[in-house]
Amino acid sequence: MTEPLDLAGIGIGPFNLSIAALLDSPPHSQRPRLEARFFDRKPGFDWHPGMLLPGVRLQTSFLKDLVTGVAPQSPYSFLQFLVSQQRFYQFLAAELPAISRVEYGQYLSWAAAQLTSLHFDSQLETVDFDGGHFRLHFSDDRQPVAARHLCLGTGKPPWVPDCCRPHLGSDCFHAIGIANRTFNLRGKRVAIVGGGQSGAEVLQAILDEYWGRPAQINWLSRRSNFAPLDETPFTNEYFTPQYIAAFFDLPGAVKQRVVEEQKLASDGISPATLKAIYRRLYEGQVRGDLFRVRLMPGRELQGMARQGDTYRLAYRNRLDATQQQCEAEVVILATGFSQQLPAYLAPLRECLELNDSGQLILDQHFQVQWKNMATNRIYAVNAGRFSHGIAEPQMSLMCWRSATIINHLAGEEIFDTGQGTGMVDWRG
Ligand SMILES: Cc1cc2nc3c(=O)[nH]c(=O)nc-3n(C[C@H](O)[C@H](O)[C@H](O)COP(=O)(O)OP(=O)(O)OC[C@H]3O[C@@H](n4cnc5c(N)ncnc54)[C@H](O)[C@@H]3O)c2cc1C
């Protein structure tokens, strides 16, 4: 067994990467450091490569990067990246309304390449607890890694509707890996299920004939329309530490209702994407060369069957309560992500406190409630939508959350997470 670490981070997506970057930034890097290592199963850092379709853009400001909100002096900020790439002036001249996900992914990879605490090719199989330390067991034959505290950052698995699960395969798949798939839509009917940003991005790529020219496109969404992401200033107040403070100690049922009400603040489609799709469809009509596109909001998928090469999708129209169906040879599921306990936590399961939905319970420091939390802490990122609010799965507050976790772990206010006064008085 190795010498115990202070912190083992499991998974290296942007969220644990932000913790690693802040641990290596002043003021933390100027004091006796917490010994931390982070592990990921991938061979190197790569941010959602399977969704890097042409032209896709970040939905958050580039200033909401790994570190800037709490440590603008950090060497891992987006501005440091721009300067290092000698693109600072051109970036300003370009006046981008939103930066591309390609560029943001390059920034994250640039930061990851400089951090010696990151370890790739490390697939965690299980974590157990020996009474004093956690022990991380990997899929290869290396020694288990010992750690006093953990931070869970393994993201969320794709969610697939039950009726689609038996059909998963080369012609029916979740959108998350679509950019890495080889398939051909030429002359086929395609159905996209899901009316969020991913569904919209897949539709754009299909309209641009990225996988060949299909015979027909069906786009189904449960929502009553193809609804925009609300990016207006008072809605952006939900993505502030002040709002989280107001939200955190509300009763569970109230939080649930509020999170549902605020869905479009985080899960809507970028207005720029909606405009681009609408204009593309309109220009197709003007030129008279548009293939058949059926846009179907307010449709709730209820069943799916296969006959030969054809899938039949059955759904309910929520506007007039009629049962309807369409056929397709290819079905793309832009159906989002689920919240499940990671399998590697199985040995600890009996010691974890879970809520009625079987989810981890987090305190305000993003600490998981479990039997030995007085001595050994488990933090979790991207696991607190119903405890901390809709900002949790987004990058908006990632560096503030990372600083909150580091301060709590260190037992002192190393990073200033002070909340100041927000624009809105939420609680009085
Ligand atoms: C296509 C897409 C675009 C998005 N765009 C935005 C945006 O513009 N703005 C915004 O605020 N949010 C956006 N989000 C939401 C969110 O910010 C991202 O999903 C973000 O990547 C979440 O980071 P994460 O660190 O929680 O998880 P992930 O990025 O999912 O990373 C989890 C990591 O854990 C690793 N892992 C999993 N299991 C194991 C294991 N057993 N052992 C070792 N490693 C493991 C995986 O390999 C992976 O690298 C987007 C999400 C998607 C899917």
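Points worth noting:
- Fluctuation leader among Ala391, Ala314, Ala93 - the chain, Gaussian network, Cα springs under 10 angstrom: Ala93
- Antiparallel content of DSSP bridges confined to the chain, in %, to 5: 45 percent
- Ranked by how many other beta carbons lie within 10 Å on average, peptides 328-341, 233-246, 13-26 from highest: 13-26, 328-341, 233-246
- Percentage relative contact order, the chain, counting C-alpha pairs under 8 Å, at least six apart: 22 percent
- In this calculation the C-beta distance from Leu341 to Arg306 is compared with R0 = 45 Å, giving a FRET efficiency of 0.90.
- Given their separation in residues at 0.36 nm each and the Cα-Cα distance between them, Arg257 and Arg222 gain 10.8 nm when the chain is fully extended.
- Shape category assigned to segment 81-165 from the gyration tensor of Cα positions, a/c cut at 1.5: oblate
- FRET E, pair Glu125, Arg31, Förster distance 35 Å, beta-carbon r, rounded to 0.05: 0.55
- For segment 350-428 and segment 5-44, distance of Cα centres in Å: 17 Å
- Full-stretch length increase - Ala113, Asn355 - with 0.36 nm per residue and alpha-carbon distance subtracted: 83.3 nm
- Gyration tensor verdict on segment 286-392 (Cα atoms; rounded if a/c is under 1.5, prolate if a/b is larger than b/c, oblate otherwise): prolate
- Entry comment: accessible area of the chain is 47 Å² per residue, from protein heavy atoms only and a probe of 1.4 Å.
- Percent accessible area from carbon and sulfur atoms, the chain, protein chains only, probe 1.4 Å: 49 percent
- Point-charge dipole on Cβ atoms (K/R +1, D/E -1) for segment 1-113, about Cα centre, debye to 20: 160 debye
- Within segment 355-415: Cβ-based charge dipole about Cα centre, in debye rounded to nearest 20 (Lys, Arg +1; Asp, Glu -1): 140 debye
- Note on Gln143 and Ser61: the model spin-label points, each 7 Å out from Cα along the C-beta direction, lie 4.7 nm apart.
- Taken about its Cα centre, the chain carries a charge dipole of about 1300 debye when Lys and Arg each add +1 at the Cβ and Asp and Glu each add -1 at the Cβ.
- Per residue, the average separation of C-alpha pairs within less than 8 Å and at least 6 apart gives segment 148-234 a relative contact order of 27 percent.
- Global form of segment 1-93, assessed from the alpha-carbon gyration tensor, a/c cut-off 1.5: oblate
- Relative protection proxy for 204-210, 41-47, from highest mean packing down: 204-210, 41-47 (other beta-carbon atoms within 10 angstrom).
The values are calculated or read from the model by the stated rules, or taken from the named source; none is laboratory data. Only a predicted model underlies this, so the values are computations on that prediction, with no experimental measurement involved. Don't worry about glycine lacking a Cβ; one is built from the backbone with ideal geometry, like all the others, and counts go over all protein chains shown. Just the protein is used for accessible areas: all its heavy atoms, side chains included, with ligands, DNA and RNA removed. Shrake-Rupley method; radii C 1.70, N 1.55, O 1.52, S 1.80 Å.
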